[in-house]
Amino acid sequence: MSFVTNAQERTRFFRFLVVGAIGFVVDFGVYNVLTIVGLAPLIAQAFSFGCAVISNFTWNRYWTYPDSRSKRKRTQLPQFFLVSVIGLAIRTPIFAGGHFLLVRWLEGVLSPSLLEPITNNLALATAVGVVLFWNFFVNRYWTYADVK
């Protein structure tokens, strides 16, 4: 059945987006707190990512895919984590490259005090947006493949 015509799959995608939004808040919140206390942005985004993965797995397991119970948590969590780590491998160069380009484009337009926080957050938002689709489709058809 097509994703576009299947109402249940559209509902799952909507819930996945809501969970992603929660994860986004967790990700950005932890990222910004860590950078404010002095952690390097590239390291902070990796830690914030880990917090978001834990949040997203929990919400997806119990809300997006509540009917996914034939697989145990100890099977699903490593699968979800692996998909997420590959997503991190996709996300990190997008973040780094996006930051580099944004700094070059916005130097002289933004004050130095605003340049880093704005370019870091824009780069992170871009990277998260790209990885969203990877995460949804691979998790749906591998991690939560038991859902009909």
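Taking 16 Å as the cut-off, the amide N atoms of the stretch 39-75 that come nearer than this to a point 7 Å along the Cα-to-beta-carbon line of Val103 belong to 39-45. Taking other Cβ atoms within 10 Å as a rough exposure proxy, Ser48, Ser68 sort from fewest to most as Ser68, Ser48. For the residue pair Val25 and Ala125, what label-to-label distance in nm results when each label sits 7 Å from Cα along the Cα-to-beta-carbon direction? Modelled inter-label distance: 1.7 nm. Ranking Gly129, Thr75, Ile118 by how far each Cα lies toward the positive end of the dipole of the stretch 35-148 (charges on Cβ) leaves Thr75 at the top.
Put a dot 7 Å past each Cα toward the Cβ at Glu9 and Leu132; how far apart are the dots in nm? With each label point 7 Å from Cα toward Cβ, the separation is 1.9 nm. In terms of overall dimensions, the C-alpha atoms belonging to the stretch 46-148 reach 56, 18, 18 Å along their principal axes, ordered largest to smallest. For the chain, a simple Cβ point-charge model (Lys and Arg +1, Asp and Glu -1, everything else neutral) yields a dipole of about 760 debye relative to the Cα centre. For the stretch 64-148, the Cβ-based charge dipole about the Cα centre amounts to some 600 debye (Lys, Arg positive; Asp, Glu negative; other atoms uncharged). Where a ≥ b ≥ c are the square roots of the eigenvalues of the C-alpha gyration tensor, would you call the stretch 21-71 rounded, which needs a/c under 1.5, or, failing that, prolate if a/b is larger than b/c, or oblate? It is prolate, given that a/c is not under 1.5 and a/b is the larger ratio. For the chain, the mean residue ellipticity at 222 nm estimated from helices alone is -26500 deg cm²/dmol, where every DSSP H run of n ≥ 4 contributes -39500 (n - 2.57) and the total is divided by all residues, rounded to the nearest 500.
Test of understanding: extend the Cα→C-beta vector of Asn32 to 7 Å, then name every residue of the stretch 115-132 with backbone N under 13 Å from that spot. Counting backbone N atoms under 13 Å from the label point, the list is 117-122, 125. Our estimate of slack between Tyr62 and Ala40, defined as 0.36 nm per intervening residue step minus the Cα-Cα distance, is 4.6 nm.
We did not get these values from a lab; they are worked out from the coordinates using the rules stated. Quantities reported herein were computed from a predicted structural model and do not represent experimental measurements. Glycine gets a Cβ as well: all are built from the backbone with ideal geometry, and neighbour counts include every protein chain shown.
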